[in-house]
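Dropping the structure in here first, questions after.
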Amino acid sequence: MEQQTIIKVRNLSKKFGSFEAVKNVSFTVHKGDVFGFLGPNGAGKSTTIRCLLSLISPDNGSIELFDKSLQRNRSEILANIGSIIEKPDFYKYLSAQKNLEIFARISGADVSKKEIHEMLDFVGLGDRAKHKVKGFSHGMKQRLGIAQTLLHKPELIILDEPTTGLDPQGIIEIRNLILRLKNEQNKTILLSSHQLSEIELIANRMVIINQGRSIVEGSVDELLNSEETMVRIEIDSVDSALELVRSRFNPAEITRTSAKELEVLISKKRIPDLTKELVLAGFTIHAVEPKRKLEDYFIKTIQS
């Protein structure tokens, strides 16, 4: 069955003076995706997101959301999107509940006090509903911001760097909340983040952009499941092991990283043979660990 398209961006370009921030960026987000939008600082992620939200107009290219042109259906489309761009802002001397009530009135959302309490419970702030926002931590404000995006019951949630500045516990809370948005509320989520390990844990599809261009797009599992894998091997007699691996396996890359470790870039299907040969040759192997995580793929992609 063909997947429903929620976002379709084609050949998007945007200049600021002589600086071309976005150059022919294209990607597609399907219904139910947690879609990772990745790239180094200055890659054009925030500019693209601002074009998606009609905060700025692209110079060229097309944007369709929910199978409709953003240019021709702006109000209808934006009414079905919730977003956090940079850090959410609140009336700090008012309570969390009062802030949501005000934002609901501003947006024209028909939301009852009971529904606001349910949203606060959903983001883990039910017991802080009456507390002033000035006493909230950064992570609590981020979660309150996500509650705010839900006020008008949007189908699509766009989050721009939601874990920036959070401690490890705060990052875990936002990660779990994003997964609950997908699994319990059937939201589609576009997630821009520098926390690449977090994207690997929660995104099912992604695009990597660099210097304003989209470099690669696809399933996270497929992109990380390449034929060649970097393997870290903790072993005794590293120098002798290096010689054996070079002579018998001719790996694409092999590096001595410490007195007890080496890294080998090799076909996945040859890893069992590699470890077997090392053991038969009398080496003691203490650990074998694949290293091909999203950070490695990301760095390799933007440098190629």
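In the stretch 282-304, what residues are outside any strand (DSSP E or B), at pLDDT 85 or above and surrounded by 13 or more Cβ atoms within 10 Å (Cβ to Cβ)?
Restricting attention to the stretch 282-304, the residues satisfying the condition of being outside any strand (DSSP E or B) are 282-284, 291-304.
Imposing the further condition that a residue be at pLDDT 85 or above reduces the set to 282-284.
Scanning the stretch 282-304 gives a single hit, PHE283.
Read through the list (1) aliphatic (A, V, I, L, M); (2) in contact with a Pro (Cβ under 9 Å, 6 or more places away or on another chain); (3) farther than 15 Å from LEU100 by Cβ, then give the number of the only condition that LEU144 fails.
(3)
Residues that are within 22 Å of the chain's Cα centre (by Cα) and among the hydroxyl-bearing types (Ser, Thr, Tyr): list the helices (runs of 4 or more DSSP H) wholly contained in the stretch 156-258 that include at least 1 such residues.
Working: elements: 168-183, 196-202, 220-224, 238-249.
Result: 196-202.
The values are calculated or read from the model by the stated rules, or taken from the named source; none is laboratory data. If you're wondering where the values come from, they're calculated on a predicted model, not measured in any experiment. Don't worry about glycine lacking a Cβ; one is built from the backbone with ideal geometry, like all the others, and counts go over all protein chains shown.
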